[in-house]
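Please read the structure below before turning to the comments.
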Amino acid sequence: MLLHYRKTHFICFFFLCLSQALGIKSIPKADESLTYLWPLPSRFTFGNQTLSVDPGLSLASGGNGGGSAIVKAAFDRYKAIIFKHSSQYSALRKLRESVSVYEISKLSITVHSDNEELQLGVDESYTLLVNKDDRQSITGDVLIEASTVYGALRGLETFSQLCSFDYATKTVQIYKAPWYIRDKPRFAYRGLLLDTSRHYFPIDVIKQIIESMSYAKLNVLHWHIIDEQSFPLEVPSYPNLWKGSYSKWERYTVEDSYEIVKGIGYPDLWPSSSCREPLDVTNNSTFDVISGILTDMRKIFPFELFHLGGDEVNTDCWKNTQHVKEWLDRQNMTTKDAYQYFVLKAQEIAISKNWTPVNWEETFNTFATKLNPKTVVHNWLGPGVCPKAVAKGFRCIFSNQGVWYLDHVDVPWDDVYTAEPLEGIHNASEQKLVLGGEVCMWGEKVDTSNVQQTIWPRAAAAAERLWSQSKLISKGNITLTALPRLQHFRCLLNGRGVQAAPVTNAYARSPPTGPGSCYEQ
């Protein structure tokens with residue numbers, strides 16, 4: 001009887017919902033005048049054809065680097081993304097249809113170079129052609145051509161965004177074909193800072209964030225792994241350092257770092273038990289430890305940039321620690337002088353290990369003439385620093401906290417989108433010194449439970465600013481030209497399992513305010 005009641009209740013409930021659903025407003029339609037690719041390519045043309053894509057899509061590779069394992073793995077990864085839905089129906093479709101005809105059955109990838117070294121400035125350009133297989137075309141169905149495997153990866157991401165699952169035909173289709181796309185990034189450095197010192201993120205979460213970055217063509221993870229609050233990283237040369245982690249379960253091993261890169265363990269580095277930051281400038285062991293850390297990190301991370309920090313340094317406790325005060329007097333130094341001495345010595349060590357030092361803007365603001373010429377100045381306090389830095393010949397990374405600090409959850413998407421790394425820089429040679437920019441996910445108020453929806457989709461707004469040509473994305477009313485595309489990209493992220501929040505809520509990471517389409521939130 002109870003079962004019968006439940007079934008009756010369910011049936012009544014179902015018809016009630018159905019009757020309500022029949023009165024729901026129509027499904028939102030895309031603005032066909034817009035190109036739903038994110039970030040927008042440099043150059044592209046399209047047509048008016050719709051092409052179906054074979055779930056058995058095959059890969060044909062060519063060029064010196066075409067046979068790369070990186071390319072093959074990426075093809076398999078994107079094929080799984082593209083055919084996530086259609087594969088569920090393939091068996092049923094074969095039962096219904098004796099013969100299936102698809103316009104797109106092959107993807108050809110040509111990579112000219114077999115050099116797979118990944119460094120800042122690697123060629124990420126690509127050409128993508130999508131055309132109907134008329135059995136006469138010399139290019140095949142789809143062609144991606146790139147100088148490097150990394151350009152091929154960018155082309156695969158764009159191709160995946162052209163592919164849409166059609167629920168009526170249960171096939172993957174490409175609309176507005178044929179497509180011709182020639183694309184390259186505007187800036188070489190397109191970064192995301194992830195702070196794991198304020199809250200620990202499991203390695204799998206970091207991997208998920210890196211994967212989500214690739215969807216928006218971000219290419220640099222700035223892993224802010226240690227700070228005053230915790231030191232969770234294993235450093236083989238100094239095995240006690242990671243005793244500074246929050247707990248023994250919240251640590252990163254060397255093996256973890258290979259996969260992804262002021263210590264409680266060495267209290268001698270502190271000026272005193274009550275003065276733990278900055279480290280003891282008078283102790284040569286301090287710089288020995290810095291050298292050891294940089295040596296170990298060089299074995300793990302091949303990337304040329306190493307961020308040495310230098311921001312928000314409060315040197316008051318140096319003045320209140322007797323042996324440091326005496327050392328300063330003997331050296332005839334002020335605490336400001338000692339801060340400069342510390343930064344420059346750390347830079348010298350980093351350069352000796354073949355790192356390029358990156359320092360927060362305070363170092364430039366305080367002693368620009370003393371900084372090593374190789375220094376990359378990292379802006380964060382506000383606008384106007386990059387113009388000053390490049391005017392003096394330094395390279396610069398833009399991260400103005402007013403627009404690109406993701407922990408500022410009251411910053412709306414359009415402020416993120418319209419921020420310009422080259423603002424105030426008009427000389428072409430100086431513009432080239434701006435490496436790009438970085439959105440910063442500081443970790444005081446994020447952890448595994450909410451990090452993705454705090455990063456996305458606002459990080460994507462910055463990503464398009466850093467990848468796409470400014471003249472393409474700065475025209476017209478961005479509420480009409482960019483917002484629908486960003487909402488579409490947010491839904492794409494959701495479809496790929498990324499917990500991206502609604503675009504237009506007053507506060508980032510806020511949930512939807514009520515029922516509605518993903519494309520209208």
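The values are calculated or read from the model by the stated rules, or taken from the named source; none is laboratory data. Nothing here was measured: the structure is a model prediction, and the numbers come from that model. Heads up, the Cβs are rebuilt from the backbone with ideal geometry, glycines too, and the neighbour counts pull from every protein chain shown. Each accessible area value is taken on the protein alone, full model and side chains, heavy atoms only, with ligands, DNA and RNA left out. Shrake-Rupley method; radii C 1.70, N 1.55, O 1.52, S 1.80 Å.
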Largest-first ellipsoid semi-axes for segment 397-446, taking √(5λ) over the Cα gyration tensor eigenvalues, angstrom: 25, 12, 6
Which values of log₁₀ I(q)/I(0), to two decimal places, follow from the Debye formula for segment 434-512 at q = 0.14, 0.20, 0.24, 0.26 Å⁻¹ with a uniform point scatterer at every Cα? -0.50, -0.97, -1.23, -1.32
If amide H atoms are modeled at 1.01 Å from N in the peptide plane, then the residues at a separation of 5 or more from Ser61, or on another chain, having amide H under 5 Å from its own are Ile109
Please list, by residue number, every one of the GluC sites (Glu not before Pro) in segment 106-201 that is coil in DSSP and has at most 15 other beta-carbon atoms within 10 Å. Glu116, Glu117
Length gained if Asn354 through Ser510 is fully extended, taking 0.36 nm per residue and subtracting the Cα-Cα distance, is 51.8 nm
Cα-Cα over 22 Å: which of Lys79/Lys170; Lys388/Lys432; Lys207/Lys432; Lys72/Lys207; Lys132/Lys170? Lys207/Lys432
Are there any GluC sites (Glu not before Pro) in segment 381-488 that are in a DSSP loop and have at most 16 other Cβ atoms within 10 Å? List them by number. Glu423, Glu444
Please compute the per residue accessible area over segment 415-471 with all protein chains in place, 1.4 Å probe, rounded to a whole number of Å². 35 Å²
Within segment 55-88, backbone nitrogen closer than 14 Å to the virtual label 7 Å beyond the Cα of Cys518 toward Cβ: 81-86
Between Asp166 and residues 5 or more places away or on another chain, the pairs with built amide H atoms under 5 Å apart involve Thr171, Val172, Gln173
